[in-house]
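**Q** My structure is below; once you've seen it, I'll send some questions.
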Amino acid sequence: MKKFLSVVLALVLVFSLASCGGGILSEAENIVNSAENGGQGNGSGQSGPSGPVSDPGNLAGAFVSDVMMQGNGLSDFDLKFLKLENGAENKIYSPLSIKYALQMLAEASGGDSRAQIDGVIGKYASRKYVNSANLSLANAMFIRDSFAASVKSDYTAKLKSAYDADVVTDSFASPDPLNNWVKDKTLGLIPKAVDDLTGLDYVLVNALAIDMEWVKKIQPETGSYSAYLKNESYASGDPSWPQSYGLWVGPLMAMGLHRLEFAGAKAANSVQIAAAANKYDIISALGEDNIRNTVLEEYKKYKAGGGWEYKPFDIEEYMADLKGNYGQISSSTDFLFHDDDNVKMFAKDLKTYDGATLQYVGIMPKAMPLAAFIEASDAGTINTLLSGLKPIEASSFEEGYLTIIKGYIPVFSFDYELKLKQDLMDIGITDVFDAQKADLSGLSTSQSYIGTAVHKATIDFSNDGIKAGAVTAMGGLGDAGPGFEYYWEVPVKRIDLTFNQPFMYLIRDKATGEVWFTGTVYQPTEYTGPVW
């Protein structure tokens, strides 16, 4: 399967249930990637529950966690694992996958075990997704053939009807049948979920895979972006910002990865973004007559001094250029941004597939270290920041300025294993891990409890392999201008969107706000050269 990757995420989430003969509850393999060609779905045409499958009912007097979900949008639950494991290291995990696991576990639970899970799930209700070549969400229960009689038919029926789950009876002599199922349902990207099934009686699996392209690649292979009117470039000692007739042209967007000095870490590979917006109305600010008189007077001096021309200077063409520059926008790619004294943000959309549109959002604190920012933030904080994201359009920029955005976005690739059992116990889900207190009576006639909970994930975020495309630019130099040029000093604002310090990120569903993945980056992919 040929793939052109820009973002790849994968994870394995495993709950191990101990019973008289052992057992595993496993939710595994979530993938988000950007691809030229899709993989294969699970063939069912649908996935996930068709509606709420874990109704919390009346929780008055029952357990309520401090991260109880109020719906499907970004919640404190999604961020809690960042707080619980707030070390200075790269992290990746999937709140969505953990939520699916908890709902499926709730179906098997009763008594206080169910109340504790429901006290976290709250009003959350898993969405229904359509399986295709770009999205696969599948469920299954694997049962040891010698243990099949102990599994309650009501539970397997619920899995089939609400979760469209496959129920497979197997000898468990080898993990290959389970791992092959996982590989198939994750578009071939996750070849193994478990190493051994010895002593286990059942395995409950959720496999989620997404294979999507960016709407536009992060960095074009080559090209330039243009801002209009003159800047102080040479006078300010910055020769990398050349000037030209009637407009101001940014540097060439070079191919390949760029070297980025990253705070507290080794130099990193990065990709470049850029945009420019002219909200300075020079005609209104200086007056048309004043501009004409000034420019013509300077032109007379130029000619009197023996100046030469490529072609005769045309004042009307000059004025038309100035008038047309106001409101012009140029951008190297599609993205959203936010920048203030406290944080900078970069967001970019993936294409919409079967109604699902995901968005990557990077958040880099400027006023405090990342660990302190995570500790001080909650869902309200992050939601407020998300609501402040601005697109590259005229209304996003301040009137009276030529605004220039430049930035370097680091690429990164790493693995992480969440301490899921301890984390779930810290948010109040404790009884299911206690052999004496666990109530999993909805699953089997045998006494069971959860012995371990493992959540392993990997992420690969890059621009490699993205097909070339023309850079978006709202203007160019055109024909050679006259030898005479007159530049106006204009007010300029610069926004640096370079992510050169530790940051957190989200990958979320734009329609619902639901977080699929989140994590932190302390060490991006080390710089490999050459310098572009």
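The values are calculated or read from the model by the stated rules, or taken from the named source; none is laboratory data. Here the structure is a predicted model, which means the values were calculated and not measured. Every residue, glycine among them, receives a Cβ derived from its backbone with ideal geometry; neighbour counts consider all protein chains shown.
**Q** Check ALA379 against each of (1) small (Gly, Ala, Ser); (2) buried (at least 19 other Cβ atoms within 10 Å of the Cβ); (3) at pLDDT below 95 and name the one condition it does not meet.
**A** The number of the failed condition is (3).
**Q** Would you check which residues across the range 166-181 are of a type outside the set (S, T, N, Q) and outside any helix (DSSP H, G or I) and list them? Lay out the reasoning, then the answer.
**A** Of the residues in the range 166-181, the ones of a type outside the set (S, T, N, Q) are 166-168, 170, 172-173, 175-178, 181.
Of everything in the range 166-181, those that are of a type outside the set (S, T, N, Q) and outside any helix (DSSP H, G or I) turn out to be ASP166, VAL167, VAL168, ASP170, PHE172, ALA173, PRO175.
**Q** Looking at (1) in a loop (DSSP other than H, G, I, E, B); (2) surrounded by fewer than 18 Cβ atoms within 10 Å (Cβ to Cβ); (3) among the hydrophobic types (A, V, I, L, M, F, W, C); (4) modelled with pLDDT of 90 or more, find the lone condition where ILE495 falls short.
**A** The failed condition is (1).
**Q** For the range 332-372, name all the residues that are in contact with a helix residue (DSSP H, G or I) (Cβ under 9 Å, 6 or more places away or on another chain) and aromatic (Phe, Trp, Tyr).
**A** Across the range 332-372, the qualifying residue is only PHE337.
**Q** Only one of (1) closer than 23 Å to GLN447 by Cβ; (2) surrounded by fewer than 23 Cβ atoms within 10 Å (Cβ to Cβ) fails for MET104. Which number is that?
**A** MET104 satisfies all of (1) closer than 23 Å to GLN447 by Cβ; (2) surrounded by fewer than 23 Cβ atoms within 10 Å (Cβ to Cβ) except (2).
**Q** Identify all residues within the range 371-413 that are of a type in the set (Phe, Trp, Tyr), in contact with a Pro (Cβ under 9 Å, 6 or more places away or on another chain) and outside any helix (DSSP H, G or I); write none if there are none. If you could, list the steps in order and put the result at the bottom.
**A** Narrowing the range 371-413 to residues of a type in the set (Phe, Trp, Tyr): 373, 397, 401, 408, 412.
Next, from what is left, pick out any that are in contact with a Pro (Cβ under 9 Å, 6 or more places away or on another chain): 373, 401, 412.
Scanning the range 371-413 gives TYR401, PHE412.
**Q** Which of (1) free of Cβ contacts under 8 Å to residues at least 40 places away in the same chain; (2) out of contact with any helix residue (DSSP H, G or I) (no Cβ under 9 Å at 6 or more places or on another chain) is the odd one out, the single condition GLY380 does not satisfy?
**A** The failed condition is (2).
**Q** Something else about it: With the condition kept exactly as written, say whether any residue in the range 128-140 is surrounded by fewer than 17 Cβ atoms within 10 Å (Cβ to Cβ), over 17 Å from LEU440 (Cβ atoms) and out of contact with any strand residue (DSSP E or B) (no Cβ under 9 Å at 6 or more places or on another chain).
**A** no
**Q** To continue, here is another question. Tell me, which residue of the range 84-132 that is under 24 Å from the mean Cα position of the chain (by Cα) and of a type in the set (D, E, K, R) is farthest from SER150 (Cα to Cα)?
**A** Within the range 84-132, the match that is farthest from SER150 (Cα to Cα) is GLU89.
**Q** Of the numbered conditions (1) small (Gly, Ala, Ser); (2) surrounded by fewer than 17 Cβ atoms within 10 Å (Cβ to Cβ); (3) modelled with pLDDT under 80; (4) not in a loop (DSSP other than H, G, I, E, B), ALA285 satisfies every one except a single condition; which is it?
**A** (3)
**Q** Name the pairs whose Cβ atoms lie under 6 Å apart, with the first residue in the range 257-282 and within 23 Å of VAL490 (Cβ to Cβ) and small (Gly, Ala, Ser), the second modelled with pLDDT of 90 or more and outside any strand (DSSP E or B), and 6 or more positions between them or separate chains?
**A** That search, which allows pairs on different chains as well, returns ALA275/ILE392; ALA277/PHE397.
**Q** Looking at (1) over 29 Å from MET368 (Cα atoms); (2) assigned by TED's automatic domain parsing to the domain that holds SER126; (3) modelled with pLDDT under 75, can you tell me which one ALA457 breaks?
**A** (1)
**Q** Output the residue which, of all residues in the range 403-443 that are at pLDDT 85 or above and among the polar types (S, T, N, Q), is surrounded by the fewest Cβ atoms within 10 Å (Cβ to Cβ).
**A** Filtering the range 403-443 for residues that are at pLDDT 85 or above and among the polar types (S, T, N, Q), the one surrounded by the fewest Cβ atoms within 10 Å (Cβ to Cβ) comes out as GLN436.
**Q** Something else: Evaluate the range 300-322: report whether one residue or more is over 25 Å from ALA275 (Cα atoms) and in contact with a helix residue (DSSP H, G or I) (Cβ under 7 Å, 6 or more places away or on another chain). Walk me through how you get there before you give the answer.
**A** We begin by selecting, within the range 300-322, every residue over 25 Å from ALA275 (Cα atoms); these are 300-317.
Okay, now just the ones that are also in contact with a helix residue (DSSP H, G or I) (Cβ under 7 Å, 6 or more places away or on another chain), so 313, 315.
Checking the range 300-322: at least one residue is over 25 Å from ALA275 (Cα atoms) and in contact with a helix residue (DSSP H, G or I) (Cβ under 7 Å, 6 or more places away or on another chain).
**Q** For LYS91, state whether it is surrounded by fewer than 22 Cβ atoms within 10 Å (Cβ to Cβ), over 24 Å from ALA438 (Cα atoms), among the basic types (Lys, Arg) and not assigned by TED's automatic domain parsing to the domain that holds GLU375.
**A** Details: surrounded by fewer than 22 Cβ atoms within 10 Å (Cβ to Cβ): no; over 24 Å from ALA438 (Cα atoms): yes; among the basic types (Lys, Arg): yes; not assigned by TED's automatic domain parsing to the domain that holds GLU375: yes.
It is false that LYS91 is surrounded by fewer than 22 Cβ atoms within 10 Å (Cβ to Cβ), over 24 Å from ALA438 (Cα atoms), among the basic types (Lys, Arg) and not assigned by TED's automatic domain parsing to the domain that holds GLU375.
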